[in-house]
Amino acid sequence: MKTAPLKLCVVTGSRAEYGLLSPLLKLIKKDKSLHLQVVATGMHLSPEFGLTYIQIEEDGFVIDEKVEMLLSGDTNTAIIKATGLGMISFADTFNRLKPDWIILLGDRFEAFAAAASAHLSRIPIAHLHGGELTEGATDDAMRHAISKMSYLHFTATETYRKRVIQLGEEPKRVFNVGAIALDNISKLKLLTKSELENQLAFSIDKNTVAVTFHPVTMENNSAKEQMKELLSALDQFPAMRIIFTLPNADENGRVIIEMVHEYVNKNNNRAKAFTSLGHLRYLSLLNYVQMVIGNSSSGILEAPYFKIPTVNIGHRQTGRIKPSSVIDASPSQKSIVAAIRKALLPSFRSSFQQEISPYKKRNTAVNILKEIKRTGKLKSLKKSFFDLT
């Protein structure tokens with residue numbers, strides 16, 4: 001008797017997350033012993049954030065369910081309501097799809113809503129990028145909560161693996177597979193500089209930088225002041241050409257978006273903003289820019305792969321393991337300017353050219369699927385708490 005394919009449901013709520021997950025989706029789709037289910041939610045369905053579900057479909061994936069959960073506001077009340085709305089919708093979605101596994105990446109409120117719904121539906125969760133710390137973001141606690149609701153764990157470093165075990169998860173269910181982002185880059189055919197310039201309608205030279213700044217959600221109303229300091233610092237480098245990628249749907253995110261658009265309007269000869277570059281264009285951009293500036297995790301994970309410096313601003317990424325190419329700066333003009341000047345030094349740039357990222361391992365996506373397939377369909381989600389003593 002033929003065994004029914006294992007149904008793996010991948011939930012994605014943001015453009016960046018989908019870019020990381022897409023090679024895993026391709027592997028699942030190719031495997032005849034597996035059945036891929038895709039659930040798009042969050043920013044993918046929002047015109048304000050580029051309706052990026054279209055990119056998922058253009059890549060050849062069928063979206064089985066679209067879960068609307070984003071509200072028009074960006075206050076903490078709106079985020080809480082969106083999370084609750086997401087849980088209600090995921091309950092129905094998972095009941096219809098009846099997946100054998102839910103696959104989640106990271107820590108955002110969309111993933112938290114999906115995890116809570118899956119947990120209460122008794123559907124096992126495979127969680128990527130657990131055990132990490134981002135002490136400046138509310139995502140930090142949600143990541144650990146998702147880990148506790150998950151059955152299989154795929155971490156990006158051994159330190160993070162140990163931290164998931166410290167949360168009480170059994171070591172035999174926690175795997176250090178490396179960051180899926182780095183495994184993906186090595187398999188991508190990046191755009192040439194001229195192809196990228198044509199697609200962006202923006203000239204890229206040796207003075208071009210990529211800037212992404214997100215709200216620091218564990219700080220009250222700091223977004224406007226911190227963004228003001230960053231933009232003031234960029235003004236100190238008039239030859240710098242700037243490509244902004246806009247922030248995610250986080251509390252106070254719209255303040256930053258408005259400030260970026262205003263800055264670009266005043267500096268349209270040297271600056272341009274994009275709601276979403278997409279995975280291929282963003283990684284291709286990193287291959288040609290001088291440095292990354294802001295507080296995105298991509299400055300810690302992807303940028304070091306391309307041997308370029310990162311100016312990491314503020315506390316959003318506090319707690320993450322950082323390669324030596326990352327320069328920490330406080331969210332003040334003076335500190336940011338000093339960090340940019342350091343990043344421009346040839347001696348600094350040469351200091352990390354031989355460094356191997358702590359997040360790099362081979363065959364990350366393949367190894368994730370290998371363990372999910374080995375575990376197979378679960379009859380029980382009962383877990384014993386693993387006590388370190």
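Some points to look at:
- Residue that is surrounded by the most Cβ atoms within 10 Å (Cβ to Cβ) [pool: residues in region 101-125 that are within 25 Å of Lys322 (Cα to Cα) and in contact with a His (Cβ under 8 Å, 6 or more places away or on another chain)]: Leu104
- A Cβ distance below 9 Å, combined with a sequence gap of six or more or placement on separate chains, defines the contacts here; from region 222-242, residues that are farther than 18 Å from Val289 by Cα and outside the structural domain of Ile204 (by TED's automatic domain parsing) reach no residue that is of a type in the set (Lys, Arg) and assigned to a loop (DSSP other than H, G, I, E, B).
- Scanning region 286-319 for residues that are surrounded by fewer than 21 Cβ atoms within 10 Å (Cβ to Cβ) and among the charged types (D, E, K, R) yields a total of 1.
- Selection over region 353-368 of residues that are within 15 Å of Gln290 (Cα to Cα) and surrounded by 17 or more Cβ atoms within 10 Å (Cβ to Cβ) gives a count of 0.
- One residue from Lys98, Lys81, Lys32 being surrounded by fewer than 18 Cβ atoms within 10 Å (Cβ to Cβ), touching a residue at least 60 places away in the same chain (Cβ under 8 Å), more than 28 Å from Glu302 (Cα to Cα) and over 18 Å from the mean Cα position of the chain (by Cα): Lys98
- Restricted to region 139-152, and to residues there that are in contact (Cβ under 8 Å) with a residue 60 or more places away in the chain and in contact with an Asp or Glu (Cβ under 8 Å, 6 or more places away or on another chain), the residue that is nearest to Ile368 (Cα to Cα) is Leu152.
- Pairs are defined by a Cβ separation below 8 Å, a sequence spacing of at least 6 or placement on different chains, a first member in region 367-378 that is within 8 Å of Leu6 (Cβ to Cβ), and a second member that is of a type in the set (Phe, Trp, Tyr) and surrounded by 14 or more Cβ atoms within 10 Å (Cβ to Cβ); the pairs so defined are Ile372/Trp101.
- Residue that is surrounded by the fewest Cβ atoms within 10 Å (Cβ to Cβ) [pool: residues in region 39-77 that are in contact (Cβ under 8 Å) with a residue 60 or more places away in the chain and among the hydrophobic types (A, V, I, L, M, F, W, C)]: Phe49
- Residue match in region 267-280 (condition: among the hydrophobic types (A, V, I, L, M, F, W, C), touching a residue at least 40 places away in the same chain (Cβ under 8 Å), within 27 Å of Ala141 (Cα to Cα) and surrounded by fewer than 23 Cβ atoms within 10 Å (Cβ to Cβ)): no
The values are calculated or read from the model by the stated rules, or taken from the named source; none is laboratory data. A quick note: this is a predicted structure, and the numbers were derived from the prediction, not measured. Reconstructed Cβ throughout: ideal geometry from the backbone, glycine too, with neighbour counts over all protein chains shown.
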